[in-house]
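The values are calculated or read from the model by the stated rules, or taken from the named source; none is laboratory data. Note that the structure is a prediction, hence the values are computed from the model and not measured. A quick note on method: Cβ atoms are made from the backbone with ideal geometry, for glycine too, and the neighbour counts reach across all protein chains shown.
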Amino acid sequence: MTSTTAFTPIGPNGERIYYVAEDPHAHHGDGHAHGYAHSPNNTTGLGFWVYLMTDCLIFAILFAMYAILGRNYAAGPSPVDLFELPLILVNTFMLLFSSITFGFAMLQSYKGNVKGTINWLLVTAAFGLAFLAIELYEFHHLIHVGATPYRSAFLSSFFTLVGTHGLHVTFGIIWLLTLVFQLRKHGLIEANNRRLMCLSMFWHFLDLIWICVFSFVYLMGVLG
């Protein structure tokens, strides 16, 4: 005799949530069956992968635009004149650390630890906010010294690429905090686990894009 073990969702206080399924052969007066625990919607993961591929295409276009326009300084400042690599390196580590802490959040979710998952997500959000704060400081400094997006094609493509990534990080933090609220209210139910997995892919994707930005825009701009 064989047995199967099904995933049991975890409530916000650590309790296990069980579902009672009715007899599939039973007939109801209204013609509808009730009480079934629905399986994960496989189209959710597929749809999210399609979205990530679309985002990849968007960033590929932005990188191509920067590759074409990135050396058109219009007698203005160049990357060597503007970029502060130590500051950008600190910012890079903020995002790298956030990716690591998100991994810890996923590990806690696999263990059914709601509180641990929430705590690591909040640490991830803190690193993400620190990343945005440094990026906003950089933008403010560039504009203050006259390096606005209208100064040259180089600066236009730079602000577009880096700013688009920053908007994605902002959206990711909002999504993360929304998920924290849902975890506190409902715990590690099946739907929240799917959302957590999708957000994890999105966050690591942003980390990968930033590594490309740091290497292609900042390092090559200053050292190339």
> With respect to Phe7, is the statement that it is touching a helix residue (DSSP H, G or I) at 6+ places or on another chain (Cβ under 8 Å), surrounded by 10 or more Cβ atoms within 10 Å (Cβ to Cβ) and at pLDDT below 50 true?
Replying inline: yes
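It is to be established whether one or more residues within the stretch 33-48 are within 30 Å of Val217 (Cα to Cα) and at pLDDT 60 or above.
yes
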> Which condition number in (1) surrounded by fewer than 20 Cβ atoms within 10 Å (Cβ to Cβ); (2) among the hydroxyl-bearing types (Ser, Thr, Tyr); (3) over 21 Å from the mean Cα position of the chain (by Cα) is the one that Thr164 fails?
Replying inline: (3)
>> I'd like the residue in the stretch 154-170 that is touching a residue at least 40 places away in the same chain (Cβ under 8 Å) and of a type in the set (A, V, I, L, M) and, out of all such residues, is farthest from Asp207 (Cα to Cα).
In response: Leu155
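Every residue, every condition in (1) modelled with pLDDT of 95 or more; (2) aromatic (Phe, Trp, Tyr); (3) within 20 Å of Gly103 (Cβ to Cβ), yes or no:
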| site | (1), (2), (3) |
| --- | --- |
| Gly146 | yes, no, no |
| Ser200 | yes, no, yes |
| Val213 | yes, no, no |
| Phe216 | yes, yes, no |
> Restricting the search to the stretch 171-209, which residues are surrounded by fewer than 19 Cβ atoms within 10 Å (Cβ to Cβ), under 9 Å from the mean Cα position of the chain (by Cα) and either free of Cβ contacts under 8 Å to residues at least 60 places away in the same chain or assigned to a loop (DSSP other than H, G, I, E, B) (or both)?
Replying inline: Phe171, Trp175
> List, please: which pairs have Cβ atoms under 6 Å, are six or more places apart or on different chains, and start with a residue in the stretch 71-94 that is touching a residue at least 40 places away in the same chain (Cβ under 8 Å) and end with one that is among the basic types (Lys, Arg)?
Replying inline: Gly76/Arg151
> Can Gly128 be described as outside any helix (DSSP H, G or I), within 24 Å of the chain's Cα centre (by Cα) and at pLDDT 95 or above?
Replying inline: no
